[in-house]
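Any read-out appearing in this document is the output of simple, stated calculations on the displayed coordinates, not a laboratory observation. This structure is a prediction, so every number in the text was calculated from the model and none was measured. Cβ atoms come from the backbone with ideal geometry, glycine included; neighbour counts cover every protein chain shown.
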Amino acid sequence: MADKHHLKNPGTTALFEAILSLENMEECYTFFEDLCTMKELADMAQRLQAAKMLLAGKTYEQIVKSVEISTATISRINRCIQYGNGGYELIINRVNEEKEEQ
């Protein structure tokens, strides 16, 4: 299993604390627009969408057509889902639960 704390350092801790302090969607847009390039945001959004589709049982071909992401990136995401720390599944399940509650 991957070391869950390999990213743990003062810089990433400060970043994650900043993200956790965001209070609403508008603050997220404001912060991430300053923090990331449009390409970086688009790439992260594509990875999350591909992870959702993988967890829903979609094929690589379906994901490539829908998300316009490379099979190499899909493969990396799939490895994270299969052998990683469970971050994709955690966040996707949580968001789904919150949407169901609304």
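List of remarks:
- Every pair of different Cα atoms in the chain enters the Kirkwood calculation, which places the hydrodynamic radius at 15.4 Å.
- Here the Kirkwood formula puts the hydrodynamic radius of region 44-102 at 11.7 Å, using every distinct Cα pair.
- Each of ALA45, ILE69, ASN9 was placed along the dipole of the chain (beta-carbon charges, centred on the mean Cα), and the one lying farthest toward the positive end is ILE69.
- Each residue, ILE19 and ASN96, gets one label point 7 Å from its Cα in the Cβ direction; the gap between the two is 2.1 nm.
- Neighbours of LEU15, meaning other residues whose beta-carbon lies under 14 angstrom from its beta-carbon, give a summed charge of -2 when Lys and Arg score +1 and Asp and Glu score -1.
- Axial C-alpha extent at least 20 Å, average Kyte-Doolittle at least -1.0 - helices from the chain (DSSP): 38-55
- Extension gain, GLU26 to LYS65: 0.36 nm times the residue separation minus the Cα-Cα distance gives 11.0 nm.
- Cα-centred dipole magnitude for the chain, charges only on beta-carbon of K, R (+1) and D, E (-1), debye, nearest 20: 660
- Pair ASP43, TYR83: separation of 7 Å Cα→Cβ label points (nm): 2.2
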